[in-house]
Structure formats: structure tokens, C-alpha cells
Amino acid sequence: MPNQHKIPQATAKRLPLYYRFLNNLHLQGKSRVSSKELSDAIKVDSATIRRDFSYFGALGKKGYGYNVEYLLGFFRKTLDQDENTPVALIGVGNLGTAFLNYNFTKNNNTRIEMAFDADMGKVGHMIGNVPVYHIDELEERMTDIKAAILTVPVSEAQQITDRLVETGVNGILNFTPARITVPEDVRVHHIDLAVELQSLVYFMKHYPLDQE
Ligand code: ATP
């Protein structure tokens, strides 16, 4: 297997996209795929796909394409899909509840194992098979969890983050609009849905795509 540290970040970001699509092909019983088919389906140009796949040690053959099983094997290893990665969710509001119900099981083994909230009306319930605990129990419950999804109100984001970091979390998916501060060894991916939506509408208006 090629060393995954050599994969450029831009390529690594496309891995889950490739993984999902190839997994679907595999489920449909397809054993090979061309870069053109992939390109049409996931809207990444085929030269980029070929370059990305060459990092994975997958060389497409002309007239044959890529071996779906080989690629899936590589992606599973690289994305740690073989291992179950437990995740905690903090803030069981509208967005948090939606994530618990969705729980990502269709695509991979990354699961939300527990959730926390300050609202006694939510504590003690199971949502989408995930138990909701009181936020006061965060430290005692989060002994083996390294990744967290943050869906609390913006005003709570930093103090909850500090507590998460203290328990040993080193990856946070931040859905609050807050720009949270973390130590250098903690990775934060920030998804501000309101900004994403605004930005989409702005780009649609000012940079319409060629209908070519
Ligand atoms: P809702 O309609 O349930 O209020 P919402 O997403 O609009 O949903 P927010 O005010 O954004 O609500 O809060 C999200 C969730 O975070 C709520 O369930 C709230 O109880 C919870 N929450 C608020 N403060 C904290 C805290 N300090 N620790 C943990 N959870 C908190």
C-alpha cells in the first residue's frame, strides 16, 4: 500500500466522495469503473481522478478502467472504515437531533455513540439509538472518544470546546458559527451551514455556470 501521508490534502478531501460512489457501484455488483464514469457521477474532472488514483497505486487500464474492489480496499484502510470510530455529539437541538437520526451508518463505520445536552427534557432519551446524557457527565463518559460534533448555541461553543479538549478529543466538527480556539494538535473542521447557503446563492447570482 502506498504511504497515505504522501497523498496531497486536496486528494485526501476527495476520498470520502470516491469511497461513497465506489461503494454504491460495488453494492450494484460492478467490478470496474472508468475515470469518465466516475467523473460524470461525482463532477470531478477525469484528469484529476486519474492523478488522485495514481497516488493510491491504482493504475487504470485502457478499455478496462479501475478495479472497484482494489480501490475500496484502499479507501477503507485509508479512511479507517474498517475500524469503528466512535464520535460524540454535543447539543441535541434541531440540527443535532437530525444528525442522531441520520447517524452516517449508510456510508461508513463512523458512528455517533453518545450525545450530551443541558436540557433535562432531552437527557435520558434515546434518539436514533443514541443515548443522550447530561452535559455534566461529559468528562466521565468521554473516556474513549476522540472526535466530537458541536451543535450547541454559539454562546456555548468555546467553553464546551475547552472541556472536550480537556477530555482528550482531538477532532471537532464545528457546526456553530463560532470561530473556536483550540490547541495546535486539535483539528477543527468548521461547517457553517448559513454561510455555505449564502455563498451558494451569491455564486449562483454572480458567477453563473456555463450551460455548455
Ligand atoms: P431547539 O429547537 O431544540 O432549541 P436549536 O438547534 O434551535 O434547537 P440551540 O439553541 O441552537 O437550539 O441549542 C442546541 C442544543 O444545545 C439545545 O438542545 C440546547 O439544549 C443545547 N445546549 C445549550 N447549551 C448547552 C450546553 N451548555 N451544553 C450542552 N448542550 C447545550
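The values are calculated or read from the model by the stated rules, or taken from the named source; none is laboratory data. Here the structure is a predicted model, which means the values were calculated and not measured. Quick reminder, even Gly has a Cβ in these numbers, built from the backbone with ideal geometry, and neighbours come from all protein chains shown. Remember, those area values only see protein heavy atoms, side chains included, never the ligands or the DNA or RNA. Shrake-Rupley method; radii C 1.70, N 1.55, O 1.52, S 1.80 Å.
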field: Interchain or long-range residues, amide H under 5 Å from T110's placed H
entry: T85
- request: Roll a 1.4 angstrom probe over the protein heavy atoms and tell me the percent of accessible area of the chain that is carbon or sulfur.
  value: 52 percent
Rounded to the nearest 10 Å², the accessible area of R187 at probe 1.4 Å: 140 Å²
message: Which order do the peptides 129-139, 199-209 come out in when sorted by mean C-beta neighbours inside 10 angstrom, highest first?
response: 129-139, 199-209
statement: About its Cα centre, the chain carries a charge dipole, from +1 on Lys and Arg Cβ atoms and -1 on Asp and Glu Cβ atoms, whose size in debye to the nearest 20 is 1320 debye
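Among the listed pairs K30/K146; K30/K77; K122/K146; K30/K61, which are separated by more than 25 Å between their Cα atoms?
On the way: K30/K146 35 Å; K30/K77 21 Å; K122/K146 23 Å; K30/K61 16 Å.
Violating the 25 Å limit, Cα to Cα: K30/K146.
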task: Select from V123, L173, A148 the residue farthest towards the positive end of the dipole of segment 122-180; place +1 on Cβ of Lys and Arg, -1 on Cβ of Asp and Glu, and compute about the Cα centre.
output: L173
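Checking a compactness column here: for segment 4-78, what do you get for Rg(Cα) / (2.2 N^0.38 Å), N being the number of residues?
Working: Rg = 11.1 Å, N = 75, 2.2 N^0.38 = 11.3 Å.
My calculation over the Cα atoms of segment 4-78 gives 0.98.
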- request: Hydropathy first: keep DSSP H helices in the chain averaging at least 0.5 on Kyte-Doolittle, then drop any whose Cα extent along the axis falls short of 18 Å, and list what survives.
  value: 193-206
